[in-house]
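The values are calculated or read from the model by the stated rules, or taken from the named source; none is laboratory data. Keep in mind that what you see is a predicted model, and the values were worked out from it rather than measured. Virtual Cβ from ideal backbone geometry, glycine too; neighbours counted across all protein chains shown. Only protein heavy atoms, including side chains, enter the accessible area calculation; ligands, DNA and RNA are left aside. Shrake-Rupley method; radii C 1.70, N 1.55, O 1.52, S 1.80 Å.
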Amino acid sequence: MRIRTPHLLQPGQKIRVLVVDDSVVIRRLVCHALEEDSGIEVVGVAPNGRIALSRIPQLAPDVITLDIEMPEMDGLAMLRDLRRRECLTPVVMFSTMTERGASATFEALSLGADDYVTKASNAGSLDVSLANLRHELIPKLRQFFKVASPETAPRPSFASVVLPSTNRSLRRAVAIGVSTGGPAALAKVVPQFPGDFPLPIFVVQHMPPLFTRLLAERLDTLTPLSVEEGVAGEVPTPGHIYIAPGDRHMRVVNSDRGPAIALDQGPPLNSCRPAVDALFGSLAEVYGSAVVAAVLTGMGHDGTAGAQRLSARGSYIMAQDEATSVVWGMPGAVVEAGVANRILPLEEVVPAILREVDLQ
């Protein structure tokens, strides 16, 4: 498992970006969008992976934006070479909203890319394209960095925090919320569940439509459990993993057949749809204290409000630790809210879940 400490920026220090794309138009668009942010500096561009690799030692970028389809050396080949050299520089891929683009993006994430943005199609004017790019790309570049503040006291260590567990024999559902770094994290977590796992598992991964379907299909090949996108009206059953579909909040509601999955396109929560808070909040209403929930790597604070509602009902909350998170935003927010019963490295999350449902 790659472990990267978040890069600490000194006050006034800019994030150095290398832009790799074979399209002159896209390179100019990305550079123009990024350079409007006073905290970001584009230190170089490259039309393919081979040239980019040759420029990295001299340019020393803090983060790389990387296209997938390029001549001579494409983005996937460059990424393989980069990680083979044990270079931990964060990489954000550019993807297209097509089956081929989504599949290549998943391959990039499995090779060690840290996040991705989707290229806008038919975005309209240049101003609209720039605004869309700034809105999506800049936060994904900034998520890997923290600004040092001499006035701020060091953040306390939470590693030893352990809150007691209750109702261990009454668990009825498992829930997982994840964002940046999620596909790789889920690929490590999901195979650890035994084939006879006795509870339904609900997962929210921040992804658009098509991507969530491909995520479910890929995870389904890694486990004897059944992995699928959630379907409205479906009654959750043991041994199934339900992935929230892209652009839909997934909730669990009471029905005349018992708990059932509900999907909606209500307003985004924490700028996310699907949102972890939507799922966790609904589970608190339906299952009360009978949930084991885990908040894994991700940007922002989605999941904190839902974890607070679950905790108030007596459910058990876990948070991934900072050392094994790509971004310690979502799990860190849960920890700082004081509702994490356990803070664990990624590889210990499922064993802890199994203990909570009396399987270990």
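Quick notes on this structure:
- Rounded to the nearest 20 debye, the dipole magnitude of segment 270-360 is 240 debye, with +1 charges on Lys and Arg beta carbons, -1 on Asp and Glu beta carbons, and the Cα centre as origin.
- For SER289, solvent-accessible area (1.4 Å; no DNA, RNA or ligand), Å²: 30
- Calculated [θ] (222 nm, deg cm²/dmol) that DSSP helices of n ≥ 4 give over the chain, each run adding -39,500 (n - 2.57): -10000 deg cm²/dmol
- Think of the chain as a dipole: +1 on every Lys or Arg Cβ, -1 on every Asp or Glu Cβ, centred on the Cα centre; then among ILE26, MET318, VAL128, MET318 lies furthest on the positive end.
- Ordering of 352-358, 36-42 by packing [mean C-beta count within 10 Å, highest first]: 352-358, 36-42
- Cα gyration tensor shape of the chain, rounded if a/c is under 1.5, else prolate or oblate by comparing a/b with b/c: prolate
- Crossing angle, helix 24-35 versus the chain [Cα axis fit, 0-90 degrees, rounded to tens]: 70
- Overall, the chain carries a charge dipole of about 520 debye about its Cα centre when +1 sits on the Cβ of Lys and Arg and -1 on the Cβ of Asp and Glu, all other atoms neutral.
- Anisotropy class assigned to segment 46-113 is prolate, per the alpha carbon gyration tensor with a/c at or over the 1.5 cut-off and a/b larger than b/c.
- Modelled label positions at ALA232 and ARG355, each set 7 Å beyond Cα in the direction of Cβ, lie 4.1 nm from each other.
- Accessible surface ranking for HIS301, HIS240, 1.4 angstrom probe, highest first: HIS301, HIS240.
- Figure note: TYR242, TYR287 ranked by solvent-accessible area, largest first, 1.4 Å probe, ligands and nucleic acids not counted: TYR287, TYR242.
- Amide hydrogen proximity for LEU210: with H placed 1.01 Å from N in the peptide plane, the residues at 5 or more positions away or on another chain lying under 5 Å are GLY246.
- Working ranking of peptides 269-280, 137-148 by packing, defined as the average number of other Cβ atoms within 10 Å per residue, highest first, is 269-280, 137-148.
- With a Förster radius of 35 Å applied to the C-beta separation of ARG134 and GLU348, the computed FRET efficiency comes to 0.40.
- Anisotropy class of segment 197-330 from Cα gyration tensor, a/c 1.5 cut: rounded
- Extension gain, LEU8-VAL24: 0.36 nm per intervening residue step, less the Cα-Cα distance, totals 2.6 nm.
- Highest average packing first - 257-264, 102-109, 200-207, 7-14, Cβ atoms within 10 Å: 200-207, 102-109, 257-264, 7-14
- Computed FRET value (nearest 0.05) for SER54 with GLN192, which takes r as the C-beta separation and R₀ as 30 Å: 0.15
- Once both labels are positioned 7 Å from their Cα atoms along Cα-to-Cβ, the gap between ASP220 and ARG85 label points is 3.9 nm.
- Under Karplus coefficients 6.51, -1.76 and 1.60, residue-wise ³J(HN,Hα) of segment 221-235 in Hz, glycine/proline x: 7, 9, 8, x, 6, 8, 10, 8, 5, x, 10, 4, x, 5, 8
- Angle in degrees between helix 126-142 and the longest Cα principal axis of the chain, rounded to the nearest 10: 60
- Only the Cβ atoms of Lys and Arg (+1) and of Asp and Glu (-1) were treated as charged; on that basis the dipole of segment 214-334 about its Cα centre amounts to roughly 240 debye.
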